[in-house]
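Structure, as structure tokens:
The values are calculated or read from the model by the stated rules, or taken from the named source; none is laboratory data. Nothing here was measured: the structure is a model prediction, and the numbers come from that model. We place every Cβ from the backbone using ideal geometry, glycine too, and count neighbours over all the protein chains shown. Just so you know, the surface numbers come from the protein's heavy atoms only, side chains and all, with ligands and any DNA or RNA stripped out. Shrake-Rupley method; radii C 1.70, N 1.55, O 1.52, S 1.80 Å.
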Amino acid sequence: MTKRGGWWFAAPVLLLCAAPATGCGDDDSGEPDDGGNDAADVEAESGADADADVGSDADADADADAGADADADTDADDDGGDDAGCEPPPAPPVVPLRGQVRVTARDLGTSSSIDGSAVFATPAALVWHEEVMREGDCRLLHYDSTGCTEPCWDGVCRGGVCEPFPTYQGAGTVTLTGLGSGTLTLADYGAGTYYGYLPDTSLVAGAAVGVQATGGEFPAFSIDGVQPALLEATLTTADELDLVNGVDNVVRWTAADYCGSRIRLQLKTPTAAHGLPPVWMIECDVPDTGSLTIPRALVEAFPETERREICVLIDCPPSVMTRYTRAVGGAAGAEAELVVESNLTFYLVHPAP
């Protein structure tokens, strides 16, 4: 079924968390269940390296796999350039920049809104997960909070070492332009964090967007970017993606006409405790061509995951698929990035290998 990205609001409950209806304890937010319950017919092609389409539209997937739509398949399998020869943007670095500005579209079908947020730090924000396997455009990531001999209250325990949190910095007044009918000045919440909200506003594909910061401890900067189209993807059901062992898994979406966008897929397990990141995650980042392949090796190394709508003492963050554009600016050594995104959140189901 085709689904458009949205938002699940976090419930203010300390130890009882519904997921993905609340999506608490994780940076990526979710969206409400629209009640879809049509099971997917997952078809595996013959051969040792067969692919499983995780989408529920079996006829459409069969046509695509059989090569009936040659033009569409060519576009999905090429290097990401469109008919005009436009090259897709490169993947972002693994280590984030010091300045992070994010514009996120929330589209629920009956209503839409835009969130704006920013955080500035020195050095850059910590990377919680460690890469344990990489194949193609996908990585298997793991977070292990054990191993430190002393409590790590002021940082992140990774590989037995307590890495301290960065120092967060103010950047003066931070303003977003090009969204809706006016500008949005983000509220300064202190400690280098900013937030703002625009109700009844949607992204306009291809339209300009910008951010300006007057500067403070973090230097002033200005970045111009572009808005992506809203994301529509084919899941196994309306709100669930099922991973299939024994084959590569293909995930499909409606490719954007604008070639400057990328797709990031993050498949998540529950956390080890409330407030921590997912223990395991598969992350894929690809040009916006209409499909991506999760290699069999990563699927079978990923632990068993079930659909959890209620979680106690741990968090069950939703998995998320994102269409985004990215632009970079700022002074050398104090670079910042503007990411504009449309998200689709869903439950993840994966049987034990």
Checklist entry - What accessible area, in Å² to the nearest ten, does a 1.4 Å probe give for HIS142? => result 50 Å²
Item to check | Accessible area, probe 1.4 Å, largest first, for residues PHE302, PHE165 | outcome: PHE165, PHE302
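At 0.36 nm per residue, minus the direct Cα-Cα distance, what do PHE165 and ALA301 gain on full extension? Give it in nm, one decimal, please. Working shown, then result.
Values: separation 136, 0.36 × 136 = 48.96 nm, distance 3.01 nm.
The PHE165-ALA301 span can extend by a further 46.0 nm.
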Checklist entry - In the stretch 293-353, which trypsin sites (Lys or Arg not before Pro) fall in coil by DSSP and have 15 or fewer other Cβ atoms within 10 Å? => result ARG307
Checklist entry - Once you sort the root eigenvalues of the Cα gyration tensor of the stretch 230-350 as a ≥ b ≥ c, which label holds: rounded (a/c under 1.5), prolate (a/b larger than b/c) or oblate (the other case)? => result oblate
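How do ASP242, ASP137 rank by accessible surface area computed with a 1.4 Å probe, from largest to smallest?
On the way: ASP242 40, ASP137 90 Å².
Final ranking, largest accessible area leading: ASP137, ASP242.
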Item to check | Sequence of GLU240, GLU309 from largest to smallest accessible area, 1.4 Å probe | outcome: GLU309, GLU240
